[in-house]
Amino acid sequence: MQEESRLVLAGRHSERFAGLVNTPVFRGSTVLHASLAAWEDKKKRRAADEHGASTYGRFGTPTHHALEEAVAEIEGGYRALLYPSGLSACATALTSLLAAGDHVLLTDSAYAPTRGFLTRVLGRFNVDVSVYDPTIGAGIEALMRANTRVVYVESPGSETFEVQDVPAIAAVARRHGARVVMDNTWGTPLFFKPFAHGVDVSVQAATKYIVGHSDAMLGVLTCNQETWPLIKRTSQDMGMTAGPDDAYLALRGLRTMAVRLQQHWKGGVEVAQWLQARPEVEAVLHPALPGDPGHALWKRDFRGACGLFAVVLNPVSAGALEAFVDSLQLFGLGVSWGGYESLVIPFNPVGERSATQWPYHGQALRLHVGLEAPADLIADLEQGFAALARAESSNQQRRSA
Ligand SMILES: *Cc1c(COP(=O)(O)O)cnc(C)c1O
């Protein structure tokens, strides 16, 4: 079956819910059992790890289980679990697989709060963190230690969009008995298949494209069979749970994710190519563009691209940058991404990164291309560049006056 069809069918059990197409929102904490025998039976099924055998709201409702089942199937993993945010999914994956005295290798391009969790929180528990160049590939061999338990990958990298050679890294990790944890938020379960590329645990900020409408926070983690018992145990030990309304919104988003992503992909490439040809632009960082350093790996391993990429402007005054950003009508100024709306946010990796050198000179902006018509987005950026030019020339007049 093709992906689009599986997205429509995965995790649905209409026969259990009065024939309804969608699994309804189940809100609940206490689960009642008709008899002591039924209670004992449920506990037994839970102990045997039967999916959906829940004795308490914290272990999920049918709404949660439907989403877990669907994501695990689409991503190609064994089982999935939900978390209150993408970051809590990242943090729980790492906590599950690491102990005091262990060493973890972290890509320099990781989402900054994930890096903060590792260094600030797990660092306090005597987990040793080394940061590596995301483009290291099989060269990661030289960094492996006897106590390296986890190699953390994120491809393409947050903000800077380096594509990693995940299969090469995973092959080395496997030889050394380390697990590979991947943040697959950019690729989504549709465009990158982590388990086919040697990953053990895949984390998603479902907040982004799975929810897809900027109206809920949620994390999903999918594991292979080997890591599942550890991840599940730790998630329960930490009391991880998510709201059923948010799980419902994510399930609803999932059904249309394939068509939305086609538009984000197409629009993103169109806007990125237009930017690439502009004199105001120093660089465009987008792996789907031919000529991007990560393009060959992206083509080899990914099935598509989402709408998130970065542009670096040629150096301009602070006032001109402000005029550009403030004049944009269709690109809202804000973090997060994956919704239907376009966004812009300035960033500066200098000071956040330690294993790589940022080679550019001007201001970097992260763009999310939403579902608006690409021609309108391009027109918006064009008038933005006109505002930038006006601010820059009045700046120069003031200086020469
Ligand atoms: C947003 C994001 C997260 C965190 O997700 P939240 O739901 O905001 O906690 C993790 N990884 C990446 C790559 C993200 O972009």
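So what's the Cα pair-distance distribution over the chain, bin width 10 Å, in %? Pair shares across the bins are 5, 22, 30, 24, 13, 5, 2, 0, 0.
Counting only the Cα atoms, segment 1-150 fills a convex hull of 181 Å³ per residue. Summarising the overall dimensions of segment 258-400 from its C-alpha atoms, the Rg and Dmax are 15.6, 54 angstrom. Across the options G116, P359, A34, the greatest Cα extent toward the positive end of the charge dipole of the chain (unit charges at beta carbon of Lys, Arg, Asp, Glu) belongs to A34. With every protein chain in place and a 1.4 angstrom probe, the accessible-area ranking of D108, D102, largest first, reads D102, D108. Loop-located trypsin sites (Lys or Arg not before Pro) across segment 116-175 with a Cβ neighbour count of 13 or fewer within 10 Å are R145, with loop assigned by DSSP. Among the GluC sites (Glu not before Pro) found in segment 1-100, those both in a DSSP coil and sparsely packed, with 15 or fewer other Cβ atoms within 10 Å of their Cβ, are E50. Couplings for segment 130-144, taken from phi via the Karplus curve 6.51 cos²θ - 1.76 cosθ + 1.60 with θ = phi - 60°, read 10, 9, 10, 5, x, 8, 5, x, 5, x, 4, 3, 5, 9, 6 Hz in order; Gly and Pro are left as x. Estimated at the nearest 10 Å², the accessible area of K44 is 140 Å² with a 1.4 Å probe. With all pairs of different C-alpha atoms in the average, the Kirkwood value for the hydrodynamic radius of segment 188-232 is 11.5 Å.
For D215 and R399, a Förster radius of 41 Å and the Cβ-Cβ distance give a FRET efficiency of 0.35, rounded to the nearest 0.05. Rolling a 1.4 angstrom probe over the protein heavy atoms with all chains in place gives segment 258-400 an accessible area of 46 Å² per residue.
Spatially close Lys pairs in the chain, defined by Cα atoms under 23 Å apart and a spacing of eight or more places or different chains, total 10. In order along segment 58-64, phi translates into HN-Hα couplings of 5, 8, x, 10, x, 5, 4 Hz, rounded to whole numbers, per the Karplus curve 6.51 cos²θ - 1.76 cosθ + 1.60 with θ = phi - 60° and x for Gly and Pro. Restricting the count to DSSP beta bridges whose residues both fall in the chain, what percent are antiparallel, rounded to a multiple of 5? Close to 55 percent.
At a probe radius of 1.4 angstrom, the accessible area of segment 55-169 per residue rounds to 32 square angstrom. Placing unit charges on the Cβ atoms only, positive for Lys and Arg and negative for Asp and Glu, gives the chain a dipole magnitude near 980 debye about its Cα centre. Less than 5 angstrom separates the built amide H of V344 from those of G332, L333, G334, H368, all sequence-distant by 5 or more or on a different chain. If R0 equals 51 Å, the separation of the Cβ atoms of A112 and T55 corresponds to a calculated FRET efficiency of about 0.85. Taken one residue at a time, the phi angles of segment 211-223 give Karplus couplings (6.51, -1.76, 1.60, θ = phi - 60°) of 5, x, 9, 6, 10, 7, 10, 6, x, 10, 10, 10, 10 Hz. Gly and Pro are set to x. Estimated purely from DSSP H runs of n ≥ 4, each contributing -39500 (n - 2.57), the mean residue ellipticity at 222 nm for the chain is -11500 deg cm²/dmol once divided by its residues. When the Cα convex hull of segment 106-239 is projected onto planes of every orientation, the mean area is 8.4 nm².
Protein heavy-atom surface of the chain, 1.4 angstrom probe: 55% of the accessible area is carbon and sulfur, with nucleic acids and ligands not counted. Counted without the sites themselves, the longest stretch of the chain free of chymotrypsin sites (Phe, Trp or Tyr not before Pro) in a DSSP loop having at most 16 other beta carbon atoms within 10 Å is 79-339.
The values are calculated or read from the model by the stated rules, or taken from the named source; none is laboratory data. Remember, predicted model here, so these are calculated numbers, not experimental data. Positions of Cβ are generated from backbone atoms using ideal geometry, with glycine treated the same way; all protein chains shown enter the neighbour counts. For accessibility, only protein heavy atoms count, side chains too; no ligands or nucleic acids. Shrake-Rupley method; radii C 1.70, N 1.55, O 1.52, S 1.80 Å.
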